[in-house]
1. Could you sort the peptides 112-121, 158-167, 328-337, 383-392 by per-residue average Cβ neighbour count (10 Å cutoff), highest mean leading?
2. Could you state the angle between the C-alpha long axis of helix 404-414 and the longest principal axis of the C-alpha atoms of the chain, as a value from 0 to 90 degrees rounded to the nearest 10?
3. When N is the residue count of segment 268-414, what does its C-alpha Rg come to as a fraction of 2.2 N^0.38 Å?
4. So for segment 52-132, what percent of the C-alpha to C-alpha distances run longer than 16 Å?
5. Any idea how far apart residue 48 and residue 310 come out in nm if each label point goes 7 Å out from Cα toward Cβ?
6. Would you please give the FRET efficiency between residue 342 and residue 388, computed as 1/(1 + (r/R0)^6) with r the Cβ-Cβ distance and R0 = 30 Å, to the nearest 0.05?
7. Note the angle between two axes, namely the Cα long axis of helix 289-299 and the longest principal axis of the Cα atoms of the chain, as a number of degrees from 0 to 90, rounded to the nearest 10.
8. Label segment 117-194 by shape, choosing from rounded, prolate and oblate, from the square roots a ≥ b ≥ c of the eigenvalues of the Cα gyration tensor; if a/c is under 1.5 it is rounded, and otherwise prolate applies when a/b is larger than b/c, oblate when it is not.
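Computed from the coordinates by the stated procedures, all read-outs in this text should not be read as laboratory data. Note that this is a predicted model, so its numbers are computed, not measured. So basically every Cβ, Gly included, is an ideal-geometry build from the backbone, and we count neighbours across all protein chains shown.
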């Protein structure tokens, strides 16, 4: 039989009853002969509760010392859920053991609150598997070279699970969530959204980067880099469902293109509310300005998404880009205090009431006019486009946040995503 990695999200681990059901499901797979490694998230709401306590004691402030303690605190959520799951498995008659990230160890860099995995030592885990144990490894966390606990950022348990699956060359990594797969868009926004039985790695990568919350983008990147078979499925189905049926449910992220993929020009609509636009006005139009602005942003460990530089007029131009809304204030403050004085620019302005909407589809490679069709649909709904970004298989626009749901519904219908594939 195979080595399988299961990952369970916070809602799946949200109560002792749900943890008991997870244990029964994992035990079922283990009794079928599979070697099982399980990566659980913290219980639903626990990470927010812990970080809320820190905020009550002291407002967030920049600096490694504060961020280090946030990681120490936040990491306890996954440690608790991992230990509880091990106890539940033992109650099911299964040998089990839980490990924190630093015990494996999962080595990361020292970028607190959003560290990146550098290596995983699987010797200890393999030894336990060889002795017939189910191994539970905390998601979301690791340890740096100095022995400090680090966390991987929101959704980091997905990345942990895929990284463990890659390191151990697992047959499949199964991501159990509160939804039963990847949909053409969020069913809470479009009631007619359909579940996709398969989606290409490239499409999933674009959908994750464009705002789809099903998988963290870094987990998809890991899966692509190490060719990890990845499946998204629901933890809220009956735990005793036939194992062969369960193994084929949900949505499979595949690395092989087939003829069916070409039939769907657009596979999904992704959106992201957590966007903010920043514009540096009156920038001297000369070589090196973009590098100076974005270099300072990168040095502050802030990720930039869409970028636009306007045409020059009278030797000056406007330079705009988007960042995560949670880093808007930090970015604007940094630009005003550290960059603006040396640029000779006029001012920094911004807008936090924007969102990004994207159409994604591997079939866009071989079809023309898809972007213009998207723009026409938005125009017919009276929605103004502020920024545009394209790649081979996606087109993204920044629009006013208040029009987001209208845009998603209109595009979903215009590209026939409410209809089953032919």
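1. Listed from highest to lowest mean packing, they are 158-167, 112-121, 328-337, 383-392.
2. Orientation of helix 404-414: about 80 degrees from the principal axis.
3. Taking N as the residue count of segment 268-414, the ratio is 1.13.
4. Percent of Cα pairs beyond 16 Å in segment 52-132: 64.
5. If labels sit at residue 48 and residue 310, their model points lie 3.8 nm apart.
6. Working from the Cβ atoms, E equals 0.50.
7. For 289-299 against the chain, the angle is about 30 degrees.
8. Note, shape of segment 117-194 comes out oblate.
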